[in-house]
Amino acid sequence: MVLRAKENSVGAWAFFIGVVLAVIIGISTSSILPISKLAQYSSPIYGILVLLGLVIGFSIKVSERDSQAFLLTGAVLVLVSRFGMESVTGSLIGIGIGDTVASTFSALLTLFVPATIVVAIKTVFSLSRI
């Protein structure tokens, strides 16, 4: 029997839905598999990604060591995604998937930047309490 923690299920579902939406919006904006209706509504979907990022950030408990791991991995993910957007566009342009990968990285950044900022601010306030 598998035991599951109930205290972080909202954040886990927000994370899962956000990553799936980020990949779908990344693929839909490409020329490989254009989904015109989804690309047309990409602005509201990016807004949903920001809201999901905020939900993820607020659902992380700061008092535990999980926040430290989240901040480290979140910062690495944000940096790698940002630098990956620039390098992938130039290197994969010959095979036609550079724009797809870059737009997927952009959508992932839209999800993880708000989450990382919220957890970082919560951690700073937690450390500054006397």
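The values are calculated or read from the model by the stated rules, or taken from the named source; none is laboratory data. Everything numeric here is computed off the predicted structure, so don't read it as measured data. No Cβ is skipped: glycine too gets one built from the backbone with ideal geometry, and neighbour counts run over all protein chains shown.
Within the stretch 93-103, one or more residues are assigned to a helix (DSSP H, G or I), surrounded by fewer than 19 Cβ atoms within 10 Å (Cβ to Cβ) and modelled with pLDDT under 85. Restricting the first member to the stretch 97-111 and to residues that are in contact (Cβ under 8 Å) with a residue 12 or more places away in the chain, and the second to residues that are of a type in the set (S, T, N, Q) and assigned to a helix (DSSP H, G or I), the beta-carbon pairs closer than 6 Å and six or more apart or on different chains are Ala102/Thr89; Phe105/Ser81; Leu108/Ser81; Leu109/Ser81. Looking only at residues in the stretch 63-79 that are of a type in the set (A, V, I, L, M, F, W, C) and either at pLDDT below 80 or closer than 16 Å to Ala22 by Cα (or both), the one that is surrounded by the most Cβ atoms within 10 Å (Cβ to Cβ) is Leu77.
Looking only at residues that are farther than 13 Å from Ala12 by Cα and modelled with pLDDT under 90 in the stretch 46-62, which one is surrounded by the fewest Cβ atoms within 10 Å (Cβ to Cβ)? Per the stated criteria, the residue is Gly47.
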